[in-house]
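Read through the structure below, which is laid out as structure tokens, and then see the notes.
The values are calculated or read from the model by the stated rules, or taken from the named source; none is laboratory data. For clarity, every value in this text was computed on a predicted model and none was experimentally measured. Here the Cβ is made from the backbone with ideal geometry for all residues, glycine too, and neighbour counts use every protein chain on show.
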Amino acid sequence: MLSLFESKAHEEILNKINKLDENSRAKWGKMNVAQMLAHCCEPIKVPLEKLTLKKPNIVMKVLFSFFKNSLYNDKPWKHGLPTSKEYKVVDGKVFFDEKNKLIDLINEFHSKKDQTNWPPHPFCGHLTSEQWGKMQYKHLDHHLNQFGV
């Protein structure tokens, strides 16, 4: 799995985003392209400490421990997986605004490629830089594939 900290992967993701336009249609799912871009911003905010997620109860924490490595391994995610309520976007969004916000967050995250001390993920606990980078890449790639880029 590529990492968003790798220059090649960073450039690839930005190129895919720039292939989208406000008329891009999803191959699956309920979100339109602007909502997808807004949705993709949310997980990147967590390691940047711009979004604080409520800590899960013990049952949810145990459930997450079973699929933690699926967040950053090489196996593609299935279509239609459930989304955490903190990341759901159901209201209308403006494509160009969301595109610019996402690009800014991606660039900020990538600029921290040499950082070694990351905040713990509220559901998954401690993640290494490699795990954070792969998880962010995998999530973005999943949704960009959703929109055919």
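Things worth noting here:
- Qualifying positions in the stretch 70-99 - touching a residue at least 24 places away in the same chain (Cβ under 8 Å), within 30 Å of ASP114 (Cβ to Cβ) and part of a loop (DSSP other than H, G, I, E, B): TYR72, ASN73, ASP74, PRO76, TRP77, SER84
- Against the conditions (1) in a helix (DSSP H, G or I); (2) farther than 15 Å from LEU102 by Cα, LYS30 satisfies every one except (1).
- Whichever residue in the stretch 46-72 is buried (at least 16 other Cβ atoms within 10 Å of the Cβ) and under 23 Å from VAL149 (Cα atoms) and, among such residues, is modelled with the lowest pLDDT: LEU71
- Residue list for the stretch 42-69, filter: under 23 Å from HIS110 (Cβ atoms), not in a loop (DSSP other than H, G, I, E, B) and not basic (Lys, Arg): GLU42, PRO43, ILE44, ASN69
- Just so you know, in the stretch 102-149 the residues that are modelled with pLDDT of 95 or more and among the aromatic types (Phe, Trp, Tyr) include one that is farthest from the chain's Cα centre (by Cα), and it is TRP118.
- Index of the failed condition, SER84 passing every other in (1) farther than 20 Å from GLU12 by Cα; (2) crowded, with 16+ Cβ neighbours inside 10 Å: (2)
- Some residue of the stretch 88-101 being more than 14 Å from the chain's Cα centre (by Cα), exposed (fewer than 14 other Cβ atoms within 10 Å of the Cβ) and at pLDDT below 85: no
- Any hit, the stretch 67-76, residues being more than 24 Å from HIS126 (Cβ to Cβ) and either out of contact with any helix residue (DSSP H, G or I) (no Cβ under 8 Å at 6 or more places or on another chain) or not polar (S, T, N, Q) (or both): yes
- Restricting attention to the stretch 8-22 and to residues that are without any contact (Cβ under 8 Å) to a residue 12 or more places away in the chain and in contact with a helix residue (DSSP H, G or I) (Cβ under 9 Å, 6 or more places away or on another chain), the residue that is nearest to LEU102 (Cα to Cα) turns out to be ASN18.
- Comparison of GLN131, GLN136, GLN35, GLN115 shows that the only residue that is more than 18 Å from GLU12 (Cβ to Cβ) and in contact with a Phe, Trp or Tyr (Cβ under 7 Å, 6 or more places away or on another chain) is GLN131.
- Test: residue in the stretch 112-126 that is surrounded by 14 or more Cβ atoms within 10 Å (Cβ to Cβ) and part of a helix (DSSP H, G or I): no
- Of the criteria (1) more than 20 Å from MET1 (Cβ to Cβ); (2) small (Gly, Ala, Ser); (3) surrounded by 12 or more Cβ atoms within 10 Å (Cβ to Cβ), which one SER129 fails: (1)
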